[in-house]
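For reference, the structure is listed below as structure tokens.
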Amino acid sequence: MKKGMLIRMGNDLFRVLELQHFTPGNKRGFVQSKLRNIRTNALADHKFRAEDDVERARLDEREMQFLYRDGEQFYFMDTSNYEQIHINEEALGDSASYLKPEMTITVEFYDVEPVGIELPATVDLAVSDTVPGIKGATASAQIKPATLETGLVIHVPSFINTGDVVRVGTGTGDSVGRASWVPTWKSRSATGAAGSR
């Protein structure tokens, strides 16, 4: 099992929110998990023993484009037939913090019901707020908190400034390598705007 996986228990579907493995002394190990019922949104704690079988839900996947957010609803469009769907923030969980308009992602369906999304391994997000960079700082310098354009807060190297674009690992919520960032001028150049160092 891994965080974010959709599993079937009885007639219910659960999204794995948290996992923690325990090996108590000479006893058999087990996994303590926190799950969310997809249909009722109820939270549940469950202990899985080593001998337990876990059934992964069989999902259909469709490539869709994230359009916009309206309150707690996130709207997506099928890139093949332009059909639009919405998924609420609670069902998306932490994934909502990595979505920005026009991003193409994979939406997971159970029968005809959208139940979640599969994010790319990394996303590039602009820094909307952080303390000013330290002159002469290097990648090995201290880190500082930064708020990204989606509201996600991560830690970045001290030379990162507001407006820079950082690459974030969607599995960990960390910047991917301290030097894995794109300066604002490069971001502008990539969109065809005039930019110079």
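The values are calculated or read from the model by the stated rules, or taken from the named source; none is laboratory data. Bear in mind the structure is a predicted one, so any value in this text is a computation, not a measurement. Virtual Cβ from ideal backbone geometry, glycine too; neighbours counted across all protein chains shown. Just so you know, the surface numbers come from the protein's heavy atoms only, side chains and all, with ligands and any DNA or RNA stripped out. Shrake-Rupley method; radii C 1.70, N 1.55, O 1.52, S 1.80 Å.
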Restricting region 129-157 to residues that are open to solvent by 30 Å² or more (accessible area, probe 1.4 Å) and not in a loop (DSSP other than H, G, I, E, B), the residue that is modelled with the lowest pLDDT: I143
- request: Return the pairs, sorted by first residue and then second, in which the second residue is of a type in the set (D, E) and modelled with pLDDT of 85 or more, the first residue lies in region 29-56 and is under 12 Å from R15 (Cα atoms), the beta carbons are less than 6 Å apart, and the residues are 6+ apart or on different chains.
  value: K34/E18; K34/D45; N37/D12
task: Take Y75 and decide whether it is modelled with pLDDT of 90 or more, closer than 25 Å to T150 by Cα and assigned to a loop (DSSP other than H, G, I, E, B).
output: no
statement: When H21 is run through (1) within 26 Å of N88 (Cβ to Cβ); (2) at pLDDT 85 or above; (3) of a type outside the set (A, V, I, L, M, F, W, C); (4) open to solvent by 60 Å² or more (accessible area, probe 1.4 Å), the failure sits at (1)
query: When only residues in region 92-118 that are β-branched (V, I, T), modelled with pLDDT under 90 and not in a loop (DSSP other than H, G, I, E, B) count, which is farthest from the chain's Cα centre (by Cα)?
result: V115
query: Can we say D124 is open to solvent by 90 Å² or more (accessible area, probe 1.4 Å), under 25 Å from H155 (Cβ atoms) and under 14 Å from the mean Cα position of the chain (by Cα)?
result: no
task: Any residue in region 143-155 that's at positive phi: show its pairings with residues that are open to solvent by 30 Å² or more (accessible area, probe 1.4 Å) at Cβ separation under 7 Å, as long as the two are six or more apart or on different chains.
output: G151/S97
message: I'd like to verify a number: residues in region 94-107 that are open to solvent by less than 30 Å² (accessible area, probe 1.4 Å) and over 14 Å from G151 (Cβ atoms), how many?
response: 3
message: With the requirement that a residue be at positive phi and more than 22 Å from the chain's Cα centre (by Cα), what does region 1-32 give you?
response: G10, G25
- request: Starting from residues that are within 22 Å of P114 (Cβ to Cβ) and among the small types (G, A, S), keep the ones in region 41-65 and report whichever is least open to solvent (accessible area, probe 1.4 Å).
  value: A57
- prompt: Taking the stated definitions as given, is N37 at pLDDT below 90 and surrounded by 14 or more Cβ atoms within 10 Å (Cβ to Cβ)?
  reply: yes
